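Q: Dumping the structure here so I can ask a few things about it.
The values are calculated or read from the model by the stated rules, or taken from the named source; none is laboratory data. Values in this document were obtained by computation on a predicted structure and should not be read as measured data. Glycine gets a Cβ as well: all are built from the backbone with ideal geometry, and neighbour counts include every protein chain shown. Accessible surface areas use protein heavy atoms only, side chains included; no ligands, DNA or RNA. Shrake-Rupley method; radii C 1.70, N 1.55, O 1.52, S 1.80 Å.
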Amino acid sequence: MYHSKITGLGFYVPDNIVTNDDLSKKIDTTDEWIQERTGIQRRRHIIRGEDTTTSMGVKAAEIAIERSGLAKEDIDFVIFATLSPDYYFPGPGVLVQRDLGLKTVGALDVRNQCSGFVYAVSIADQYIKTGMYKNILVIGSEVHSTGLDMTTRGRGVSVIFGDGAGAAVLSREEDLTKGILSTHLHSEGQHAEELIVKAPGMGQRWVTDIIADNNPEDESYYPYMNGQFVFKNAVVRFSEVINEGLQANNLQVSDIDMLIPHQANLRISQFIQQKFQLSDDQVYNNIMDYGNTTAASIPIALTEAWEKGKIKEGDTVVLAAFGSGFTWGSVIIKW
Ligand code: COA
């Protein structure tokens, strides 16, 4: 039995910065409305032809692998979390294997939206614990900008999401007091339709129906979100799953050195911070700069916090996520 630890981190965001004022030129919205409700000031959008979910994930992964001190040949497995794959199938995991020139290692795609990175880390942790793999590349990457309803109709959702990618290398750790101490995953599919993109799917609306309808007013391709319902569930589930992780390891809230919450909404993070009575130094937020990048948000925030020296050896780091599904989860790490 082993532990796994994060040995390399990296992130990549496109150069194209889109401010709230930029959005207000296309959509009936204001910088004031967006900042007041979400805390977001700007986000990144890819430039057509320059980046994709896979290419951003590859760029983040190259940085993470280099920082881990490993060679590409040392990577035993790839896990890619995204809700915005380049292709409907195959998923981006195999494209990373190709584009990074990895050995013909296994490549797994995870579809758990905002909780995707936490789910992916949990899977990687299990493979490393059992000794099956030694070094696993975990990526969270999203392109939202090409799939949003950039009209006033879609304004409740479209101002929130941004593009970007983050990656981590998880490696075997023999000291069982270090690395990932536990992971905790949950779902409640009863609320699947409260935050959803319905098409293209093979369920109620067949692709053949969509093509036959050829309806420009078809909203099933756009994200739908019952914002207030999502908000209310998020604050409850974030709290529960952080407590669950702490309790499983006999830790107290005061033991948390750094909480990296999924960057859903600054108001959600602030609510959690207040509830747990954490200081500004104990919670890392960067939604102001990148918006909600779903599966990429935790690895981007984790990398930034680490780059800024906010995470040190021996720290107790907590990752926590909530999102579409609903799904939620946490990871407790002794850095
Ligand atoms: N700009 C200006 N006005 C907007 C707007 C925008 N971008 N989006 C919605 N509005 C308007 C609505 O049309 C509505 O107008 P009305 O009162 O005249 O009908 C009003 O603002 C309030 O809309 P509502 O949807 O009730 O706002 P809200 O206070 O719930 O805030 C969210 C919306 C999305 C910011 C908020 O619900 C939220 O953050 N939810 C959680 C989202 C989240 O975390 N998602 C990711 C989970 S992983």
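Q: With every protein chain in place, what's the accessible area of Phe271 (1.4 Å probe, Å², nearest 10)?
A: Its accessible surface works out to 90 Å², give or take rounding.
Q: In the chain, if the dipole is taken from +1 on Lys/Arg beta carbons and -1 on Asp/Glu beta carbons about the Cα centre, which of Phe229, His186, Thr130 is farthest to the positive end?
A: Projecting each Cα onto the dipole axis, the largest value belongs to Thr130.
Q: Report the label-to-label distance for Phe231 and Ile47 in nanometres (one decimal), using points 7 Å from each Cα along the Cα→Cβ vector.
A: For Phe231 paired with Ile47, the spin-label model returns 3.6 nm.
Q: Report, in whole Å, the centroid distance computed from the Cα atoms of the range 291-335 and the range 10-52.
A: Between the Cα centre of the range 291-335 and that of the range 10-52, the gap is 22 Å.
Q: Using 7 Å Cα-to-Cβ label points, what is the Glu62/Trp206 separation (nm, one decimal)?
A: The answer from the label model is 4.4 nm.
Q: Follow-up question, since we're still on this one. Arrange the peptides 248-259, 134-145, 198-209 so that the one whose residues have, on average, the most other Cβ atoms within 10 Å appears first.
A: Going from most to least packed, we get 134-145, 248-259, 198-209.
Q: Quick check: convex hull of the Cα atoms in the chain, volume per residue, rounded to a whole Å³?
A: Numbers: hull volume 44.0 nm³, N = 335.
Convex hull of Cα atoms, per residue: 131 Å³.
Q: Hey, another quick one. Could you give the dipole magnitude of the range 3-173 about its Cα centre, charging the beta-carbon of Lys and Arg +1 and that of Asp and Glu -1, in debye to the nearest 20?
A: Working: 19 positive and 22 negative charges, 63 e Å.
In total the dipole reaches around 300 debye.
Q: Can you tell me the alpha carbon radius of gyration of the range 209-317 divided by the globular rule-of-thumb value 2.2 N^0.38 Å?
A: 1.35
Q: Test of understanding: what is the full-extension gain from Lys308 to Gln35, defined as 0.36 nm times their sequence separation minus their Cα-Cα distance?
A: 95.8 nm
Q: Can you give the accessible area per residue of the range 1-145, in Å², using a 1.4 Å probe?
A: 45 Å²
Q: Given only helices, namely DSSP H runs of n ≥ 4 each adding -39500 (n - 2.57), what is the per-residue ellipticity at 222 nm of the chain, to the nearest 500 deg cm²/dmol?
A: About -9500 deg cm²/dmol.
Q: Starting from the 7 Å offset along Cα-to-Cβ, what nm value, one decimal, do you get for the label separation of Asp74 and Val253?
A: 4.0 nm
Q: Pop the C-beta distance of Leu176 and Tyr221 into the FRET formula with R0 = 51 Å and round what comes out to the nearest 0.05.
A: Working: r = 47 Å, r/R0 = 0.93.
With R0 = 51 Å, the Cβ-Cβ based efficiency is 0.60.
Q: Calculate, for Thr151 and Asp99, the FRET efficiency according to 1/(1 + (r/R0)^6) with r their C-beta to C-beta distance and R0 35 Å; round to the nearest 0.05.
A: For Thr151 and Asp99, the calculated efficiency is 0.55.
Q: Rank Val318, Val197 by accessible area, highest first, at a 1.4 Å probe radius?
A: Val197, Val318
Q: List the lysines whose Cα sits under 16 Å from the Cα of Lys275, skipping any in the same chain fewer than 8 residues away.
A: Candidates past the 8-residue exclusion: Lys232.
Q: Next up: At 1.4 Å probe size, with the rest of the protein present, what percent of the exposed accessible area of the range 3-173 is carbon and sulfur atoms?
A: On the way: 3390 of 6990 Å².
Looking at the range 3-173 in its full context, I get 48 percent from C and S.
Q: Setting aside same-chain residues fewer than 8 positions from Lys134, which lysines have a Cα under 16 Å from its Cα?
A: Output for Lys134: Lys5, Lys72, Lys103, Lys178.
Q: ³J(HN,Hα) across the range 115-124 via Karplus (A = 6.51, B = -1.76, C = 1.60, θ = phi - 60°), whole Hz, x for Gly/Pro?
A: Running phi through 6.51 cos²θ - 1.76 cosθ + 1.60 with θ = phi - 60° gives 8, x, 5, 5, 4, 5, 5, 4, 5, 4 Hz.
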